[in-house]
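> Before we start, here is the structure in question, set down as structure tokens.
The values are calculated or read from the model by the stated rules, or taken from the named source; none is laboratory data. Just so you know, these numbers come straight off a predicted model, no measurement behind them. Neighbour counts run over all protein chains shown; Cβ positions are idealised from the backbone, glycine included. Ligands, DNA and RNA are stripped out before the accessible areas are found, and what is left, the full protein with its side chains, is counted by its heavy atoms. Shrake-Rupley method; radii C 1.70, N 1.55, O 1.52, S 1.80 Å.
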Amino acid sequence: MSRLYKTQGVILSHSYVGEADALLSIYTPFLGKLRAVARGVKRSKSRMAGHLEPLTHCSLMLARGRNLDIISGCDTIEAFAPLKASLWLTSCGLYAAELTDRMGVEGTENRRLFQLLLGTLQSLSSGVEPSTVLRYFEFRSMACSGYLPEIWRCVACGHSLEMAAHSFSPTAGGLLCPQCRPANGSARTVSVRAIKVLRFFSRQGLAAVARLRLKPEVLREIEGLMQLYVTYVLDQEVNSARWLRALQAGGEDRTEQHV
Ligand SMILES: [Zn+2]
């Protein structure tokens, strides 16, 4: 096996280790999640540093190491500059990156998750309404990691669900019919409009989702629902979700992507 190999990937996170090295988490199309070290990137003359910022899509040359692989070269494919010019959009991107980091498995290919992450960063960078993009990302990242919530039939008894308000149970993994709800204490009511959006998410790609104009209350309802479900699946809240909520509560100016 050759010691050197090439891949492309999206930088999910980086943290400095030692004097000048960085430990990176990268999501790749064929190798799943990859943890690698970049030597000397903290030094001002490092040619790699700019290409290895979080939320950058880049091509990488790596050398196999005993524990972690070492990045020996890199080039930016897409920097997503408009996204990085806004604190709000950067935070949205970092939330998608953290969720990918948590759902992704090292050495296990998940090309759908890679394409979803890339499409999400492209949408955020090109002005698509960020909350809609993130709700879609949450739903689809769960779906392509084996946690697709059941939204067409009752997850307990299997009966087809008519278009009406139903209840969603994160522990059962989907919607419940009125007969099955009483047996499930974790269920919460979901409106018809929110169910319609989730069904749209399950069938459509980002291009169609980008054209949706959802009311803030529907987005908030889906956000609450997906937060419950994601937290249940991961057995822990995503850290950057708290940060996003704090930014929202602080009334952060979210139009600054045009600076
Ligand atoms: Zn049922």
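> What is the Rg over Rh value, at two decimals, for the stretch 4-78, using alpha-carbon atoms and the Kirkwood definition of Rh?
Here the Rg-to-Rh quotient is 0.92.
> On to the next question. If each Cα of the stretch 123-228 is one equal point scatterer, what is log10 of I(q)/I(0) from the Debye formula at q = 0.13 Å⁻¹?
Listed by q, the Debye log ratios stand at -0.45.
> Using only the alpha-carbon atoms, how far is helix 216-234 inclined from the longest principal axis of the chain? Give it as 0 to 90 degrees, nearest 10.
That works out to roughly 70 degrees.
> Another question, then. For the chain, set up a Gaussian network in which alpha carbons nearer than 10 Å are linked by springs, and say which option among 235, 21, 75 fluctuates the most.
235
> Grab the other residues whose beta carbon is less than 14 angstrom from that of residue 18, score K and R as +1, D and E as -1, and report the net. Mind dumping the intermediate values first?
Details: positive: 39, 42, 43; negative: 19, 21.
For residues surrounding residue 18, the net value is +1.
> On the accessible surface of the stretch 102-252, probed at 1.4 Å, how many percent belong to carbon and sulfur atoms?
Of the solvent-accessible surface of the stretch 102-252, carbon and sulfur hold 49 percent.
> Just to confirm the filter: which GluC sites (Glu not before Pro) across the stretch 56-152 are DSSP coil and have at most 15 other Cβ within 10 angstrom of their Cβ?
Sites meeting the loop and neighbour criteria: 109.
> Which FRET efficiency value, to the nearest 0.05, do you get for residue 163 and residue 234 by plugging their Cβ-Cβ distance into 1/(1 + (r/R0)^6) with R0 = 30 Å?
So the FRET efficiency works out to roughly 0.50.
> With Rg and the Kirkwood Rh both taken from Cα atoms, where does Rg over Rh land for the chain?
1.02
> Under a Cβ-only charge scheme (Lys and Arg +1, Asp and Glu -1), can you give me the dipole magnitude of the stretch 82-258 about the Cα centre, in debye to the nearest 20?
On the way: 20 positive and 16 negative charges, 121 e Å.
Its charge dipole is roughly 580 debye.
> Just how many pairs of Lys in the chain have C-alpha atoms closer than 30 Å, counting pairs that are eight or more places apart or on different chains?
Taking the Cα cut-off of 30 Å, the pair count is 11.
> Go through the stretch 164-169 residue by residue and turn each phi into a ³J(HN,Hα) via Karplus (6.51, -1.76, 1.60, θ = phi - 60°); whole Hz please, and just put x for glycine and proline.
Using θ = phi - 60°, the values come out as 7, 5, 9, 10, 10, 10 Hz.
> Using only Cα atoms, tell me the angle between helix 130-142 and the longest principal axis of the chain; keep it within 0 to 90° and round to the nearest 10.
90
> Here's a follow-up. I'd like to check one number: the per residue accessible area of the chain, probe 1.4 Å, reported in Å² as a whole number.
Heavy-atom accessible area per residue stands at 50 Å².
> Going by alpha carbons, how many degrees (0 to 90, nearest 10) lie between the helix axis of 111-125 and the longest principal axis of the chain?
90
> Divide by every residue of the chain the summed helix terms, -39500 (n - 2.57) for each DSSP H run of at least 4, and state the resulting mean residue ellipticity at 222 nm, rounded to the nearest 500 deg cm²/dmol.
-11500 deg cm²/dmol
> For the stretch 44-129, would you read off the P(r) tail past 21 Å as a percentage of all alpha carbon pairs?
37
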